[in-house]
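S.K.: I am attaching a structure below and will ask some questions about it afterwards.
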Amino acid sequence: MNRFPIQMAKVQRPPLPEGILRRERLLDWLDTKVHSRVVLVTAEAGYGKTTTLADWSRRTRVRTLWYRLDQDDSNWVGFVNYLVAAGREVDAEFAPITGALLREMGAGGATRDTIVDSFLRELPMLVATAPLAMVFDDVHLVDGSSDVRLFFRDLLARVPERLTVIILSRRTPHLSLARLRCRGEVSELRTDDLRFDVAETEQLFRQAYHLPLEPDVLAELSRRTEGWAASLQLVHAAIRGRTTAETRAFVRSLSSAEGALYDYLAEEVVGDLAPELQQLLMRTSILQQVDVELAALVAEIDETAAHRLMDTAETLGLLSGRAQTGDMVRYHPLVRDFLEARLRRDEGDEQATALHVRVARHADGRDWRLAAYHYCAISEYARLETVLAQATAKILGGGDFALAESYVLQLPIAVRRVEFDILASRMELHRGQLTAALELARSAAAEAATTRPADDEVTALTLFNLATLEFLAGNVDRAVILARDVEGSGAGNEIKDVARAFISINEATLDRNLDGCAEELTVLAARHQELEMERFFAITSLNLANVHKARGSATETLPVADQAIDALIRSGSVLELPSAHCVRAWALAFMGRWPEAETALQAALDSATDLTRAEALREAADVHLLFGSANRALGLLREVIGDGGNSLLTSAASPEQELLLVCARSVCRY
């Protein structure tokens, strides 16, 4: 008979380190979600997954079974042996049949399917008298194993009542959870949930470490560490015995480029890694975000090797964030600081500069954000200026005005360019200064008219920018004339398409061709999405939602309004959010979902700025007048114009009049 060697530490709850904080927020969440079928806890190394679950398991009334996996557990035989051993930590008599089958494996013995089936049949024994949580720790280490995936498939399909499967992993495991998610039986805790917030950081140092921090030191520490538990522990070790002034100075200069943090990362995290992996880590440290193509470029290896090394780095928790950014991953700032310092020490400043140049040249003409960052990093300001100027149309479409402005401000000499005046006008609008924005837009258009050819693309961009701002200022006729000029100009197709849509929306108020306008906007939204022009996509979607509203189609309005809201948030276009929430509220109210409509109306008012507050109040009043309370509608209007609001409480408009009101309220503001 075979006896499988069991390391008992792997099936026992891990000991808690000294000086941990009882994190009530997370413990309460686990107490609530432990009744789910699956609890998925995914975060990079050092965010406290294991510590949090170990602390919770000591405090909860739910019994816990613990199995800490490693690379040797990828075979189903070892996997099931350890699960039986873990179960026997809870019930010494657990799984007698499965245990016997495992001992008798060999020639002619039981198959995998037979043994797994036996285990799953005996599993309900553990929950016969009380609920149980099965904790699988470090699942990322065996996520590539087909044996493990098949076992989890069978387990999740047959998990008994009163048993919760808790999975801890550094990245989302490749498990079939879609069906359980649809049934609301999966609860998830991720990196952002596990970060120490400012209050928890204050409690950690005051209660657990007995080193209270002053508010300004605490704020700086939270900003630099991003709530990473491992870095907070390192800071604690570094400031023990220091005076208040020394602690403040240490935190203000906190860096992993030298000192205790550098030594820890060098010795404990990177020191034993393969040389090729260390080189990839160091060279990719110059990147804000890392993908396979860029990693191969800077490490001078093929993409297959880059992919393999990046996977290893993710498994180790050095690269993270794929769930939020798709194919892009990033370093924690302190890890990145360390790796870049190591790069400069080992390969020299010249090599670091050469890598920035390589990436900038690679991105030039393809990705203005990437090119601008790397040109700025090496102070190649002439090229930075050109990149920003050439990307003006893309910046207008994407909405990255603040980022573009930050680079313009870093140019060593104030540069006066028509393109930068366009961007400056957009930033003034973003700050709520419509008058200043309009003055800059008019100045840029006048400058372009006298210094550039009439069919020049930059000239067309100044006209386009001015058209949208004139529209915002209420000068609708002037805006339409300018949009027609853009339509016949030397602008790129993306800008011309938007100008045509702008004209179409206004013309629809005259010829009543709402269906044609909706078709045109649908095509345009798809094009903006394909071109990754997030801001244009958001506003086109909002305009389309309003056209559907004017057509009286709530079922078409609602999904497009939701689409607009998501895109507006992603692109940072806060000025249009209130309108999007209001049109969503109209659709919900029309469909008889008034409580949800009220929530959407409140979201509209909450998201309004000084510039958009009056518009949001008027649109919210319209919805209340049609579906809610006339008194509430009057109250909202009085916030805008005082008691004279009674005169605006008119009967419902026709679809064409409604669309005209939409235009008059500055929805179409590309």
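S.K.: Is the range 85-95 home to any residue that is open to solvent by less than 40 Å² (accessible area, probe 1.4 Å), closer than 13 Å to residue 67 by Cα and not aliphatic (A, V, I, L, M)?
M.R.: There is at least one residue in the range 85-95 that is open to solvent by less than 40 Å² (accessible area, probe 1.4 Å), closer than 13 Å to residue 67 by Cα and not aliphatic (A, V, I, L, M).
S.K.: For the range 227-254, name all the residues that are exposed (fewer than 15 other Cβ atoms within 10 Å of the Cβ) and either within 27 Å of the chain's Cα centre (by Cα) or among the charged types (D, E, K, R) (or both).
M.R.: Once the filter is applied, which keeps residues that are exposed (fewer than 15 other Cβ atoms within 10 Å of the Cβ) and either within 27 Å of the chain's Cα centre (by Cα) or among the charged types (D, E, K, R) (or both), the range 227-254 yields 240, 242, 246, 252.
S.K.: If you don't mind, another one. Output the residue which, of all residues in the range 574-602 that are of a type outside the set (S, T, N, Q) and free of Cβ contacts under 8 Å to residues at least 24 places away in the same chain, is farthest from residue 546 (Cα to Cα).
M.R.: The qualifying residue farthest from residue 546 (Cα to Cα) is 595.
S.K.: Among the polar types (S, T, N, Q), surrounded by 19 or more Cβ atoms within 10 Å (Cβ to Cβ) and not in a helix (DSSP H, G or I) - does that describe any residue in the range 277-285?
M.R.: Within the range 277-285, one or more residues are among the polar types (S, T, N, Q), surrounded by 19 or more Cβ atoms within 10 Å (Cβ to Cβ) and not in a helix (DSSP H, G or I).
S.K.: Exactly one condition in (1) in contact with a Phe, Trp or Tyr (Cβ under 9 Å, 6 or more places away or on another chain); (2) modelled with pLDDT of 95 or more is not met by residue 426; state its number.
M.R.: So the condition that residue 426 fails would be (2).
S.K.: Scan the range 102-135 residue by residue and report those that are of a type outside the set (Lys, Arg), in contact (Cβ under 8 Å) with a residue 60 or more places away in the chain and open to solvent by 10 Å² or more (accessible area, probe 1.4 Å).
M.R.: 102, 104, 105, 106, 130, 131
S.K.: Residue under question is residue 534, and the condition is that it be acidic (Asp, Glu), touching a helix residue (DSSP H, G or I) at 6+ places or on another chain (Cβ under 6 Å), in contact (Cβ under 8 Å) with a residue 40 or more places away in the chain and open to solvent by less than 70 Å² (accessible area, probe 1.4 Å); does it hold?
M.R.: Against the criterion (acidic (Asp, Glu), touching a helix residue (DSSP H, G or I) at 6+ places or on another chain (Cβ under 6 Å), in contact (Cβ under 8 Å) with a residue 40 or more places away in the chain and open to solvent by less than 70 Å² (accessible area, probe 1.4 Å)), residue 534 qualifies.
S.K.: Does residue 567 satisfy being under 19 Å from residue 620 (Cα atoms) and assigned to a helix (DSSP H, G or I)?
M.R.: So residue 567 does not fit the description; no.
S.K.: Scan the range 549-586 residue by residue and report those that are open to solvent by 10 Å² or more (accessible area, probe 1.4 Å), over 22 Å from residue 469 (Cα atoms) and among the β-branched types (Val, Ile, Thr).
M.R.: Residues satisfying the conditions are 555, 560.
S.K.: Assess whether residue 449 counts as being free of Cβ contacts under 8 Å to residues at least 24 places away in the same chain and either closer than 21 Å to residue 390 by Cα or crowded, with 17+ Cβ neighbours inside 10 Å (or both).
M.R.: When the stated conditions are applied, residue 449 passes them.
S.K.: Within 30 Å of residue 248 (Cα to Cα) and either open to solvent by 30 Å² or more (accessible area, probe 1.4 Å) or touching a Ser or Thr at 6+ places or on another chain (Cβ under 6 Å) (or both): which single residue out of 149, 170, 195 fits that description?
M.R.: Residue meeting the stated conditions: 195.
S.K.: A further question on this structure: For the range 184-195, check the following and say yes or no: at least one residue is farther than 23 Å from residue 331 by Cβ, at pLDDT 90 or above and hydrophobic (A, V, I, L, M, F, W, C).
M.R.: yes
S.K.: Right, here's the next one. Condition first: open to solvent by 70 Å² or more (accessible area, probe 1.4 Å) and at pLDDT 85 or above. Now tell me which residues in the range 588-617 satisfy that.
M.R.: Correct list: 590, 591, 593, 595, 596, 598, 599, 602, 606, 613.
S.K.: Just to confirm my filter: which helices (runs of 4 or more DSSP H) fall fully inside the range 174-275 and include at least 2 residues that are over 30 Å from residue 147 (Cβ atoms)?
M.R.: Helices (runs of 4 or more DSSP H) meeting the threshold: 191-194, 198-203, 215-225, 229-239, 244-252, 259-264.
S.K.: Here's another thing I want to ask about it. Pairs, please: C-beta under 9 Å, at least 6 apart or cross-chain, first residue closer than 27 Å to residue 234 by Cα and hydroxyl-bearing (Ser, Thr, Tyr) and in the range 26-52, second outside any loop (DSSP other than H, G, I, E, B) and open to solvent by 40 Å² or more (accessible area, probe 1.4 Å)?
M.R.: Note: pairs meeting the criteria are 42/188; 42/323; 50/68.
S.K.: Looking at the range 392-440 only, could you name the residues that are part of a helix (DSSP H, G or I), free of Cβ contacts under 8 Å to residues at least 40 places away in the same chain and polar (S, T, N, Q)?
M.R.: Matches in the range 392-440: 406, 435.
S.K.: Which condition number in (1) over 24 Å from residue 402 (Cα atoms); (2) of a type in the set (Asp, Glu); (3) at pLDDT below 90 is the one that residue 562 fails?
M.R.: Going through the list (1) over 24 Å from residue 402 (Cα atoms); (2) of a type in the set (Asp, Glu); (3) at pLDDT below 90, residue 562 breaks only (3).
S.K.: Okay, next question. I'd like to know if the range 461-468 contains one or more residues that are within 20 Å of residue 574 (Cβ to Cβ) and either in a helix (DSSP H, G or I) or open to solvent by 50 Å² or more (accessible area, probe 1.4 Å) (or both).
M.R.: yes
S.K.: Then there's this: Kindly list, by first and then second residue, each pair from a residue in the range 167-181 that is without any contact (Cβ under 8 Å) to a residue 40 or more places away in the chain to a residue that is surrounded by fewer than 17 Cβ atoms within 10 Å (Cβ to Cβ), limited to pairs with Cβ atoms under 6 Å and residues at least 6 apart or on different chains.
M.R.: Taking only residues 6 or more apart or on different chains, the pairs are 176/153.
S.K.: Test residue 99 against the criterion of being open to solvent by less than 10 Å² (accessible area, probe 1.4 Å) and in contact with a strand residue (DSSP E or B) (Cβ under 9 Å, 6 or more places away or on another chain), and give yes or no.
M.R.: no
S.K.: Among (1) touching a residue at least 24 places away in the same chain (Cβ under 8 Å); (2) open to solvent by 60 Å² or more (accessible area, probe 1.4 Å); (3) not small (Gly, Ala, Ser), there is one condition residue 519 misses while meeting the rest; what is its number?
M.R.: Every condition holds for residue 519 apart from (1).
S.K.: Scan the range 347-373 and report the pairs whose first residue is assigned to a helix (DSSP H, G or I) and whose second residue is acidic (Asp, Glu), with Cβ atoms within less than 8 Å and a gap of 6+ or a chain change.
M.R.: From residues that are assigned to a helix (DSSP H, G or I), the pairs are 352/340; 357/380; 360/380; 369/400; 371/364.
S.K.: Which one of these is modelled with pLDDT of 90 or more, among the small types (Gly, Ala, Ser), more than 29 Å from residue 530 (Cβ to Cβ) and surrounded by fewer than 24 Cβ atoms within 10 Å (Cβ to Cβ): 443, 406?
M.R.: 443
Let's see how each residue does on (1) among the acidic types (Asp, Glu); (2) open to solvent by less than 20 Å² (accessible area, probe 1.4 Å); (3) over 22 Å from residue 188 (Cβ atoms); (4) at pLDDT below 90:
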{"residue": "1", "(1), (2), (3), (4)": "no, no, yes, yes"}
{"residue": "44", "(1), (2), (3), (4)": "yes, no, no, yes"}
{"residue": "58", "(1), (2), (3), (4)": "no, no, yes, no"}
{"residue": "63", "(1), (2), (3), (4)": "no, no, yes, no"}
{"residue": "67", "(1), (2), (3), (4)": "no, yes, no, no"}
{"residue": "73", "(1), (2), (3), (4)": "yes, yes, yes, yes"}
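S.K.: Give the range 496-516 a look and list any residue that's of a type in the set (A, V, I, L, M, F, W, C) and either out of contact with any Ser or Thr (no Cβ under 7 Å at 6 or more places or on another chain) or modelled with pLDDT of 85 or more (or both), or say none.
M.R.: 498, 499, 502, 503, 505, 508, 510, 514
S.K.: Any chance you could count how many residues in the range 123-173 are in a strand (DSSP E or B) and not β-branched (Val, Ile, Thr)?
M.R.: 8
The values are calculated or read from the model by the stated rules, or taken from the named source; none is laboratory data. Quick caveat: nothing in here was measured; it's all calculated off a predicted structure. Cβ sites come from the backbone with ideal geometry, for glycine too, and all protein chains shown count toward neighbours. Quick note on the areas: whole protein, heavy atoms, side chains included, nothing else; ligands and nucleic acids left out. Shrake-Rupley method; radii C 1.70, N 1.55, O 1.52, S 1.80 Å.
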